[in-house]
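The structure under discussion appears below in the form of structure tokens.
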There are 2 protein chains.
Amino acid sequence: MNINQRLSDLREVMQREHLAACIFPSTDPHQSEYVADHWKGREWISGFNGSAGTAVVTMTSAALWTDSRYFLAAEEQLKGTEFQLMKLKIEGTPTIPEWLGKEIMQSRHPKEDWSEVAIDGRCSSVNEVKGLIADLRKENGITLRTNFDPLKQIWRDRPAIPEHRVEIYPLAYAGESCHDKMVRIRKALRERHADGMLMAALDDIAWTLNLRGSDVHCNPVFVSYLLIDSKNVTLYINKVKLSSEVMDYLKTEGVRVEDYELVENGLKKYFEYNILLDPNEVNYRLYEVVKNKGRQNDFPKTEIVEEESPVKRMKTVKNEREIAGFRSAMLKDGIAMVKFLKWLKAWSSDNSSESMTEISVSDKLEALRAEQPLFRGISFDTIAGYQEHGAIVHYEATPETDVPLKPAGFLLLDSGAQYLDGTTDITRTIALGPLTEEQKRVYTLVLKGHIQIELCKFPSGASGTQIDILAREAMWREGLNYLHGTGHGVGTYLNVHEGPHQFRMEWKPAPLIAGMTITDEPGIYLAGKFGVRIENTLLITPYKETEFGKFLQFESLTLCPIDKEPIVKEMLLQEEIDWLNQYHQHVFDTLSPHLNEDEVVWLREACAAI
Amino acid sequence: MNINQRLSDLREVMQREHLAACIFPSTDPHQSEYVADHWKGREWISGFNGSAGTAVVTMTSAALWTDSRYFLAAEEQLKGTEFQLMKLKIEGTPTIPEWLGKEIMQSRHPKEDWSEVAIDGRCSSVNEVKGLIADLRKENGITLRTNFDPLKQIWRDRPAIPEHRVEIYPLAYAGESCHDKMVRIRKALRERHADGMLMAALDDIAWTLNLRGSDVHCNPVFVSYLLIDSKNVTLYINKVKLSSEVMDYLKTEGVRVEDYELVENGLKKYFEYNILLDPNEVNYRLYEVVKNKGRQNDFPKTEIVEEESPVKRMKTVKNEREIAGFRSAMLKDGIAMVKFLKWLKAWSSDNSSESMTEISVSDKLEALRAEQPLFRGISFDTIAGYQEHGAIVHYEATPETDVPLKPAGFLLLDSGAQYLDGTTDITRTIALGPLTEEQKRVYTLVLKGHIQIELCKFPSGASGTQIDILAREAMWREGLNYLHGTGHGVGTYLNVHEGPHQFRMEWKPAPLIAGMTITDEPGIYLAGKFGVRIENTLLITPYKETEFGKFLQFESLTLCPIDKEPIVKEMLLQEEIDWLNQYHQHVFDTLSPHLNEDEVVWLREACAAI
């Protein structure tokens, strides 16, 4: 069935329901960034498979909003469909409400006044829906229907909600028991004047319970909700996922188990005065359930405390065991990366006749990682983009796009692994042979940005929005930029993207605190030419304390040489040269005891001072 | 009458009104930063005269919250009173609601349940009061009374609202007629789905009408409101302020005039569907008037569009005439500064016996500025802080604190003028003789920060929060910091602080756009030792346009040498040395044609390359 047929089916439903438009966001009831196939409705209706994007369909038109990471990919995937690409954050791009205001006005049925738009309230956060309602009202009073899933009737082969097994995450890696975490959570709830909370974020639930799953590709989480009140903790989950061992564990931890579908009932029966619902995490449907509770007379009204879930910060500040796990995972990842780079560089310099492609090198790297202890899989789909493919920020090679590598230019390689003791995320841009002057210059600008973040010292509690510019200022002076964030948190054998703290141009109020992990990954992408990105994962550690307060610094956890061939040394400041040489010395000292003789020889050269 | 007597009078009123506490903010009904004496109620009740601070009085305790600029001054001024100093942004300082929650709980009358707190709703913005209501509710349900001014009954010699004359601001300086500004404002209101707006910010009104006044010390504004609907513009002002010439001008521009006190009536009679009220600008009392309008049956209900006033951005983006005016004002200011610096440096190096103090040098500088054409006064009270006084960020020398200068150490001098063609704001830290190594090092760190802002290139629309770190990163590496913002907008013969754009650590969503002015004023303050601040006023101008969009840069409008004596050259990057030398060359080239021979000789030396 092609996209146009799906649109036509959808419009039949819209006609019947008197809907002027339908909005398809990219998330699930848990506000996940990556979702199980069951919730890939936006991909199903539009054909666009990026991790972020919103499809909107009216009776006569269709459009898809996505961000710069996916402009090139989306353009490709939307070809031949009705969908028009809307580039977020580009001047002139209308917002969804603005566009709907115009489209609905133009196509309005002369006799009827359809100005209702539908969105599945389960798959959007409270804040998103509230914002949408307010913005649509300004467009000639368009209203939003949130209790209707238009896909239900037309997506006939929709995949089921996954039912993979849940496993216990050993305390040796988690570093803090579920019981102790619950004590901290309850204390934080009291401070926020809440008696309980509904946890919907899958990684928050996995962290709290010290459980892991495999319901979502690359993300070791399991689909569920966790409802906490002053006495009880209830996990809403499909029980087939729980072995008797896990059931016993949950019982010991005092966690009751109910069926996933019963969460609304649980909220209706929640008998306390206050409940914390994080409006960026909880979906609108469940929020409405709590909000409307007072209307029935069976239960007392519950006040909603709309604040950020305290679990977010607890989870992102790693404890000692978790930090030790990260170091162990990074060591293994570094070993795999060095073996890989040595092999790839040998191929490029030997002028070997062996044929290599983006996919084949990704497979090789995965195989090398799989040899490492506690390997559990990759932490996201590898981005291996050769030359112009490197300019597609979230490129994922497919058999159709895969190209053979040549001994020239850049291969951008962004990859990571899930080990039981930690999650990794690393990007290297690798010279496969001769480079242009432009390539070297751009590479060096990205490297300068990367190093300036590494060098930064800052007061505890500063935001990533303040620090982000250090990665960009050198390239801004040349009129260059990248439109994605500079860095994100990384989970402990959990999601590779862990928030809310980030480095980015947009405001992120989340303060940076000692113990957090965060990536440092500036880039430059020249469409049709090449892309450069250099990424390490950093740990935030104490720096010094003075009369002006506590200051923090970054420590690179990632252990892997940064390709020196493309560097234009004259463009680097002395402090940048010093950082690079010290980092390389550290990489060499840490990895070499774990490598064979040939590898040590190669690494010594790769880590030699410039 | 002393502070304790005032508190006792106040508590009598509180007793009568059953109030648990009263809150005294520092602003007026127009959310002014600097206010006419009539509204200095917080100063009257507490004795603290800084521009920012909130006093809170319960039946048994009193406290004053202020920011780091005023810690030292407030400590001094609160001595001998009941007031406890609360240092904002310092760990452990409770918020006002948190403190009230505790205090009221402790002192609660055993028989009665007083838990109402009063604030004059006219002297706080909508957002402030809403936030306060929400936060107080969390503290055991404390409620807020907003329709009561406790000072009315006890402040017997309260100064009247000023009645100074209003003057027309010539088009030659304003660069855009009132008529044209109104066309732009109405267009912006339509885009925001509003039929009209209430303007309360005094500088916005002065800018819109091309009028100036002198109701507030150093700020050429006049106390008034401006109500715009789709047909009419009404200025609410005490009519004695308007000459027949100004009355005629207003009539020509189609502006009706009503008495200042009648603004509530005007809002009640506002007959349109939508009105824009900027919740950070309009006071809570007037907001309530509009909100409650529907309750009487005489007038239809009006919807409030709560958005930032579009006038703010219009006013901060200077037109060509305004920019030309700034250049002219800066030239005059530079001439006065050079004459002053030459005189001061001669005194310090001649080992002259002439006695000089912080106040006497401030007077000298003001006299030199007054010689310049179109001088209208100073733009804020001069900060002349010698040695340890320089560490008091907003120090203002008084006869009691004034100290004689010695030929050693630093004089921090922050000053500015109002000229009819523009407003200036400049800080120089001047070596009066031998310096310590610490002084030189700190000075050079501040200079590095200043220059890094000057060098920055950035995408149009970036926020000052993103850029701020460039001024701090060098000092953060040494564990040093300053807790004030790095820069603020400057008005056109208007307020020296003009927002909302700023450089600061806190989030300021206001984008930076070509045509804006902004100061660049990092500092370091070592309590009891000395303070350093170096400030130029910058203009934002286009830099280049590339595939990544429009990039902007800064141009220093301020024309005055930066003292080179304290510089530790080895601490500067080559680009920083280059900037300083180029800036000095530009200062010399621009100012020297306007100076006498001796002055040129002095300036050539002061501007010689390092």
- Query: Is it the case that some residue within region A:88-98 is under 22 Å from A:LEU483 (Cβ atoms) and within 21 Å of the chain's Cα centre (by Cα)?
  - Reply: yes
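Would you mind stating whether B:SER46 is open to solvent by less than 40 Å² (accessible area, probe 1.4 Å) and hydroxyl-bearing (Ser, Thr, Tyr)? Steps first, please.
Details: open to solvent by less than 40 Å² (accessible area, probe 1.4 Å): yes; hydroxyl-bearing (Ser, Thr, Tyr): yes.
In short, yes.
Which is modelled with pLDDT of 95 or more, of a type in the set (A, V, I, L, M, F, W, C) and within 22 Å of A:GLU91 (Cα to Cα), of A:TRP65, A:TRP44?
Working: A:TRP44 fails: within 22 Å of A:GLU91 (Cα to Cα).
Unique residue meeting the criteria: A:TRP65.
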- Task: Hey, can you tell me all the residues within region A:320-338 that are more than 18 Å from A:GLU371 (Cα to Cα) and open to solvent by 40 Å² or more (accessible area, probe 1.4 Å)?
- Result: A:GLU320, A:ARG321, A:ALA324
- Message: Are there helices (runs of 4 or more DSSP H) fully within region A:278-350 with at least 2 residues that are under 30 Å from A:GLY433 (Cβ atoms) and either touching a Pro at 6+ places or on another chain (Cβ under 6 Å) or not charged (D, E, K, R) (or both)? List them.
- Response: A:320-349
- Task: Check region B:403-410 and report whether any residue there is under 30 Å from B:ARG212 (Cβ atoms) and out of contact with any His (no Cβ under 6 Å at 6 or more places or on another chain).
- Result: no
- Item | Cross-chain or 6+ apart pairs with Cβ under 6 Å, region B:174-190 first and under 12 Å from B:MET314 (Cα atoms), then surrounded by fewer than 19 Cβ atoms within 10 Å (Cβ to Cβ) and at pLDDT below 95 | none
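Identify all residues within region A:59-87 that are within 20 Å of A:GLY531 (Cα to Cα) and away from chain B (no Cβ under 14 Å); write none if there are none. If you could, list the steps in order and put the result at the bottom.
Of all residues in region A:59-87, those within 20 Å of A:GLY531 (Cα to Cα) come to A:66-76, A:87.
A:THR66, A:ASP67, A:ARG69, A:TYR70, A:ALA73, A:ALA74, A:GLU75, A:GLU76 - these are the residues of region A:59-87 that are within 20 Å of A:GLY531 (Cα to Cα) and away from chain B (no Cβ under 14 Å).
Give me the residue from region A:594-610 that is assigned to a helix (DSSP H, G or I) and without any contact (Cβ under 8 Å) to a residue 24 or more places away in the chain and, out of that set, most open to solvent (accessible area, probe 1.4 Å). Walk me through it before giving the result.
If we filter region A:594-610 for residues that are assigned to a helix (DSSP H, G or I), which is where we start, we get A:594, A:597-606.
Within this subset, residues satisfying the condition of being without any contact (Cβ under 8 Å) to a residue 24 or more places away in the chain are A:597, A:600-601, A:604-605.
Values: A:GLU597: 152, A:VAL600: 26, A:VAL601: 93, A:ARG604: 134, A:GLU605: 127 Å².
Step by step, filter region A:594-610, then rank; the result is A:GLU597.
Taking the residues in region B:537-593 that are assigned to a helix (DSSP H, G or I) and within 14 Å of chain A (Cβ to nearest Cβ) as candidates, determine which candidate is surrounded by the fewest Cβ atoms within 10 Å (Cβ to Cβ).
As a first pass, look at region B:537-593 and keep what is assigned to a helix (DSSP H, G or I): B:569-571, B:574-593.
Then keep just the ones that are within 14 Å of chain A (Cβ to nearest Cβ); that gives B:570-571, B:574-579.
Details: B:GLU570: 6, B:MET571: 15, B:GLN574: 8, B:GLU575: 13, B:GLU576: 21, B:ILE577: 15, B:ASP578: 14, B:TRP579: 19.
Step by step, filter region B:537-593, then rank; the result is B:GLU570.
The rows are residues; the columns are (1) basic (Lys, Arg); (2) open to solvent by less than 60 Å² (accessible area, probe 1.4 Å).
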site: A:GLN84; (1), (2): no, no
site: A:LEU100; (1), (2): no, yes
site: A:SER115; (1), (2): no, yes
site: A:ASP120; (1), (2): no, yes
site: A:ARG137; (1), (2): yes, no
site: A:ILE161; (1), (2): no, yes
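Could you please let me know if B:ILE426 is in contact with a helix residue (DSSP H, G or I) (Cβ under 6 Å, 6 or more places away or on another chain) and under 30 Å from B:TRP507 (Cα atoms)? Steps first, please.
Values: in contact with a helix residue (DSSP H, G or I) (Cβ under 6 Å, 6 or more places away or on another chain): no; under 30 Å from B:TRP507 (Cα atoms): yes.
Judged against the criteria, B:ILE426 is not a match.
Take the conditions of a type in the set (Asp, Glu) and under 12 Å from A:MET86 (Cα atoms) and apply them to A:ASP28. Does it pass? First the steps, then the outcome.
On the way: of a type in the set (Asp, Glu): yes; under 12 Å from A:MET86 (Cα atoms): no.
Here the answer is no, as A:ASP28 does not meet what is asked.
If you check B:GLU112, B:GLU116, B:GLU103, which single one turns out to be touching a His at 6+ places or on another chain (Cβ under 9 Å), at pLDDT below 95 and more than 30 Å from B:ASN292 (Cα to Cα)? Let's see the steps before the verdict.
On the way: B:GLU116 fails: more than 30 Å from B:ASN292 (Cα to Cα); B:GLU103 fails: touching a His at 6+ places or on another chain (Cβ under 9 Å).
B:GLU112 is the lone residue from the list that is touching a His at 6+ places or on another chain (Cβ under 9 Å), at pLDDT below 95 and more than 30 Å from B:ASN292 (Cα to Cα).
Give region B:354-370 a look and list any residue that's part of a helix (DSSP H, G or I) and either within 22 Å of B:GLU400 (Cα to Cα) or open to solvent by 40 Å² or more (accessible area, probe 1.4 Å) (or both), or say none.
Looking only at region B:354-370, we keep the residues that are part of a helix (DSSP H, G or I), and these are B:358-370.
Across region B:354-370, the qualifying residues are B:GLU358, B:ILE359, B:SER360, B:VAL361, B:SER362, B:ASP363, B:LYS364, B:LEU365, B:GLU366, B:ALA367, B:ALA370.
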- Query: Has region B:130-151 got any residue that is touching a helix residue (DSSP H, G or I) at 6+ places or on another chain (Cβ under 9 Å), in contact (Cβ under 8 Å) with a residue 40 or more places away in the chain, assigned to a helix (DSSP H, G or I) and under 28 Å from B:MET314 (Cα atoms)?
  - Reply: yes
- Query: How about region B:66-87: which of its residues are among the charged types (D, E, K, R), touching a residue at least 40 places away in the same chain (Cβ under 8 Å) and under 21 Å from B:GLY485 (Cα atoms)?
  - Reply: B:ASP67, B:ARG69
- Do any strands (runs of 3 or more DSSP E) lying entirely in region B:1-81 carry at least 3 residues that are closer than 30 Å to B:GLY390 by Cβ, and which ones are they? B:62-66
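So if I check each of B:PRO399, B:PRO373, which one is part of a loop (DSSP other than H, G, I, E, B), modelled with pLDDT under 95 and either open to solvent by 10 Å² or more (accessible area, probe 1.4 Å) or among the aliphatic types (A, V, I, L, M) (or both)? Spell out how you get there, then give the answer.
Details: B:PRO373 fails: modelled with pLDDT under 95.
The match here is B:PRO399.
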- Message: Residues to consider are A:ALA206, A:ALA201; find the one that is within 20 Å of A:VAL263 (Cβ to Cβ), touching a Pro at 6+ places or on another chain (Cβ under 8 Å) and more than 14 Å from chain B (Cβ to nearest Cβ).
- Response: A:ALA206
- Message: Looking only at residues that are open to solvent by less than 50 Å² (accessible area, probe 1.4 Å) and within 14 Å of chain A (Cβ to nearest Cβ) in region B:139-159, which one is nearest to B:GLY254 (Cα to Cα)?
- Response: B:ILE142
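Being without any contact (Cβ under 8 Å) to a residue 60 or more places away in the chain and among the hydroxyl-bearing types (Ser, Thr, Tyr) is the filter here; which residues of region A:192-224 pass it?
Taking region A:192-224 first, the residues without any contact (Cβ under 8 Å) to a residue 60 or more places away in the chain are A:205, A:209-211, A:213-214, A:222, A:224.
Passing the criteria: A:SER214, A:SER224.
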- Item | Enumeration of residues in region B:258-274 that are free of Cβ contacts under 8 Å to residues at least 24 places away in the same chain and closer than 13 Å to B:TYR287 by Cα | B:ASN265
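The values are calculated or read from the model by the stated rules, or taken from the named source; none is laboratory data. Nothing here was measured: the structure is a model prediction, and the numbers come from that model. Every residue, glycine among them, receives a Cβ derived from its backbone with ideal geometry; neighbour counts consider all protein chains shown. For accessibility, only protein heavy atoms count, side chains too; no ligands or nucleic acids. Shrake-Rupley method; radii C 1.70, N 1.55, O 1.52, S 1.80 Å.
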